[in-house]
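Notes follow once the structure below has been shown.
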Amino acid sequence: MEIAGYIIDTNATVRQAAKQFGISKSTVHKDLTERLPQVHPQLASEVRKVLDVNKLERHIRGGLATKDKYLKEKKVTAISEK
């Protein structure tokens, strides 16, 4: 329930929550999608909304990460050519 509160408060991803709490992504996902609904359905519903938004946005985040990667490589190449 603590992880659920963290995700709702911060709109964190499963990966961010796992890192914050020092557990695996699969444990976080299983706890939030399978165990939490049995214990606290209302909270599980709120978490599901955040997880669904994160899922819809992940392709955008991935694209931005790739863009940043290539921009950094371009800067390193430009610096090393000087």
For Q42: the one exception among (1) under 12 Å from M1 (Cα atoms); (2) surrounded by 10 or more Cβ atoms within 10 Å (Cβ to Cβ): (2)
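Residues checked against (1) at pLDDT 95 or above; (2) of a type in the set (G, A, S); (3) surrounded by 14 or more Cβ atoms within 10 Å (Cβ to Cβ):
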residue	(1), (2), (3)
I3	yes, no, yes
I8	yes, no, yes
A18	yes, yes, yes
S24	yes, yes, no
V28	yes, no, yes
Q38	yes, no, no
V47	yes, no, yes
H59	no, no, no
K74	no, no, no
In segment 1-24, the residues that are of a type in the set (S, T, N, Q) and touching a residue at least 40 places away in the same chain (Cβ under 8 Å): N11, T13
For K55, state whether it is more than 17 Å from E2 (Cβ to Cβ) and out of contact with any His (no Cβ under 7 Å at 6 or more places or on another chain). yes
Flagged in segment 30-82 as of a type in the set (K, R) and outside any helix (DSSP H, G or I), in numbering order, are K82
For segment 35-59, pairs from a residue that is within 15 Å of D9 (Cβ to Cβ) to a residue that is not in a helix (DSSP H, G or I) and not acidic (D, E), with Cβ under 6 Å and 6 or more apart or across chains, are V50/N11; N54/T13
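The values are calculated or read from the model by the stated rules, or taken from the named source; none is laboratory data. Just so we're clear, the structure is a prediction, and the values are computed from it rather than from any experiment. A quick note on method: Cβ atoms are made from the backbone with ideal geometry, for glycine too, and the neighbour counts reach across all protein chains shown.
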